Amino acid sequence: MSQDLFQAPDYYQLDELLTEEHILVRDAAREWVKKEVSPIIEQAAQDAKFPTSIVKGLAEIGAFGPYIPEEYGGAGLDQISYGLIMQEIERGDSGVRSTASVQSSLVMYPIWKYGNEEQRKKYLPKLASGEFLGCFGLTEPDHGSNPGGMVTNIKDMGDYYLLNGAKMWISNAPFADIAVVWAKNEEGRIKGIIVERGMEGFSTPETHNKWSLRASATGELIFDNVKVPKENLLPNKDGLGAPLGCLDSARYGIAWGAIGSAMDCYDTALRYAKERIQFGKPIASFQLQQKKLAEMITEITKAQLLTWRLGVLRNEGRATAAQISMAKRNNVEMALKIAREARQILGAMGITGEYSIMRHMMNLESVITYEGTHDIHLLITGLDITGIPAFK
Ligand code: TGC
Ligand code: FAD
């Protein structure tokens, strides 16, 4: 990839809404992405390999458990700092943000919120430092948007639980040290349980041939009579609301992350349009290209405002799940549209790995599907405003 010349757009001077700490955290993540992610990410995506070299740096910028208390190794930051870190990482690549989202919101969060003190002490510091990487198993081959239908199950065998079933499309699965897995007990109640690599009957085959999120490893979780110690059950919450509570935190991070992808595409297209000469003029002088660029900055600015406000509500403990759905849905679609338009501004160059745009575009095709599809988030808004569920 060419040199990373990224300059973040801030059309409405939104930096004035941030605290000194927010800006420090954001700028540290921004610099780290420029130095450590941009130079290697295109090759990692071309090779379809998760770049393990960045794990330590992710931990150092606080991307593993930004809002988890410091006593458990987390960064102890607020929700806006968490969002800004996700924005900067996804500016580099959605797959890298995926790894951070899963580790923080889908593995550390449930252990912190639903686990007991022994589980917190055993796992959280190692996850925060990157010594352990985790994954989150909710989706099954026949239960994606409808996770409540899951068939993966645990049986109480007295001394241990016997786990059977399979999960699919699991980020980080191929190399994860631990998996937070959601399974039904004999009464059909959904429980969270920590499965460790090396347990007999547990395997994690990698899913190949993805055209999207190529720098993030995706795989299956297969449980064939796995004996899981009783102390690995998360005791403090069960039911579908438990995994969905983790998703609220991850979806919030994605809402910020998508802004990062959009900013990168916009910034690249703006620079290119000012430099590329056709018909004796920079293409930025043509109204059709200005329309694209003007609409991009308008949509980015609207998303920044929406998401900052959501962060304030999260800090005050007042953000609803439906508000988070609206932001995830709006921002990912916004970023995907911007990536498609930005790609066109670059003409043929836009399809190459010389620029990040096509990689962002392909990545966002996963982001618009995972953590609840675009349609499901619309139905969540529909339910919230009408009181009528249209899922079933
Ligand atoms: P429903 O009857 O509505 O609710 C069941 C229980 O859950 C509670 N609840 C929530 N709690 C917290 N946060 C939310 N967002 C919640 N939504 C619902 C609800 O109050 C109820 O609690 P209780 O106590 O009454 O039992 O459930 P439903 O079966 O009708 O489903 C609703 C629906 C469709 C919205 C939900 O299933 C859904 O969100 N589906 C989408 C599935 C999804 O997002 N999967 C993501 C998998 S993980 C992933 O993609 C990681 S990608 C990571 C990366 O790489 O970045
Ligand atoms: P389906 O549920 O089969 O949906 C197919 C289509 O039908 C969609 O367009 C959907 O919107 C639509 N649809 C479904 N139900 C309705 C309805 N009621 N009304 C209207 N339309 C509907 N999962 C995890 O648990 N952990 C992970 O780490 C993880 N990582 C992922 C990484 C990647 C790269 C990808 C692509 C997915 C990942 N997922 C993960 C899975 C992801 O959450 C699911 O793919 C997603 O929830 C959708 O499920 P599905 O693919 O089975 O699609």
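The values are calculated or read from the model by the stated rules, or taken from the named source; none is laboratory data. Keep in mind it's a predicted model, so treat the numbers as computed, not measured. So basically every Cβ, Gly included, is an ideal-geometry build from the backbone, and we count neighbours across all protein chains shown. The area values use the complete protein model at the heavy-atom level, side chains included, leaving out ligands, DNA and RNA. Shrake-Rupley method; radii C 1.70, N 1.55, O 1.52, S 1.80 Å.
Residues that are surrounded by fewer than 16 Cβ atoms within 10 Å (Cβ to Cβ) and not assigned by TED's automatic domain parsing to the domain that holds I80: which helices (runs of 4 or more DSSP H) entirely in the stretch 287-370 hold 1 or more of them? Break it down into steps so the answer makes sense when it comes.
Numbers: elements: 287-315, 321-345, 357-367.
Result: 287-315, 321-345.
Hey, which of the strands (runs of 3 or more DSSP E) in the stretch 121-218, taking only ones fully inside, have at least 1 residues that are among the polar types (S, T, N, Q) and buried (at least 20 other Cβ atoms within 10 Å of the Cβ)?
Numbers: elements: 134-137, 153-156, 160-171, 178-184, 190-196.
Answer list for the stretch 121-218: 160-171.
Looking at A48, A100, can you tell me which residue is over 27 Å from N232 (Cα atoms), within 16 Å of ligand 2 (Cβ to nearest atom) and of a type in the set (G, A, S)?
A48 is the lone residue from the list that is over 27 Å from N232 (Cα atoms), within 16 Å of ligand 2 (Cβ to nearest atom) and of a type in the set (G, A, S).
Among (1) in contact (Cβ under 8 Å) with a residue 60 or more places away in the chain; (2) outside the structural domain of Y67 (by TED's automatic domain parsing), where does Q119 come up short?
All conditions are met except number (2).
As an exercise: evaluate W112 against (1) of a type in the set (F, W, Y); (2) out of contact with any Phe, Trp or Tyr (no Cβ under 6 Å at 6 or more places or on another chain); (3) assigned to a loop (DSSP other than H, G, I, E, B); (4) open to solvent by 10 Å² or more (accessible area, probe 1.4 Å) and give the number of the one condition it does not meet.
For W112, the failing item is (3).
Quick one: count up the residues across the stretch 20-65 that are open to solvent by less than 70 Å² (accessible area, probe 1.4 Å), touching a residue at least 40 places away in the same chain (Cβ under 8 Å) and not in a helix (DSSP H, G or I).
6
When the residues of the stretch 209-229 are narrowed to those that are closer than 25 Å to W182 by Cα and among the hydroxyl-bearing types (S, T, Y), which ends up farthest from the chain's Cα centre (by Cα)?
Per the criteria, the residue is T218.
Give me the pairs: first residue in the stretch 379-392 and free of Cβ contacts under 8 Å to residues at least 60 places away in the same chain and assigned to a helix (DSSP H, G or I), second residue among the hydroxyl-bearing types (S, T, Y) and surrounded by 10 or more Cβ atoms within 10 Å (Cβ to Cβ), beta-carbon distance under 8 Å, and six or more apart or on different chains, which are they?
I380/S325; T381/S325
Among the candidates R314, R343, R329, R318, single out the residue that is within 12 Å of ligand 1 (Cβ to nearest atom) and basic (K, R). Lay out the reasoning, then the answer.
Working: R314 fails: within 12 Å of ligand 1 (Cβ to nearest atom); R343 fails: within 12 Å of ligand 1 (Cβ to nearest atom); R318 fails: within 12 Å of ligand 1 (Cβ to nearest atom).
Just one listed residue meets the conditions, R329.
Cβ-Cβ below 8 Å, separation at least six or inter-chain, first residue in the stretch 233-258 and polar (S, T, N, Q), second more than 9 Å from ligand 1 (Cβ to nearest atom): which pairs?
N236/K113; N236/Y114; N236/G115; N236/N116; S249/S104; S249/Y109
I'd like to know if the stretch 263-271 contains one or more residues that are open to solvent by 40 Å² or more (accessible area, probe 1.4 Å) and either assigned to a helix (DSSP H, G or I) or in contact with a Ser or Thr (Cβ under 7 Å, 6 or more places away or on another chain) (or both).
Going residue by residue through the stretch 263-271, those that are open to solvent by 40 Å² or more (accessible area, probe 1.4 Å) are 270-271.
Keeping just the survivors that are either assigned to a helix (DSSP H, G or I) or in contact with a Ser or Thr (Cβ under 7 Å, 6 or more places away or on another chain) (or both) gives 270-271.
For the stretch 263-271, residues open to solvent by 40 Å² or more (accessible area, probe 1.4 Å) and either assigned to a helix (DSSP H, G or I) or in contact with a Ser or Thr (Cβ under 7 Å, 6 or more places away or on another chain) (or both): present.
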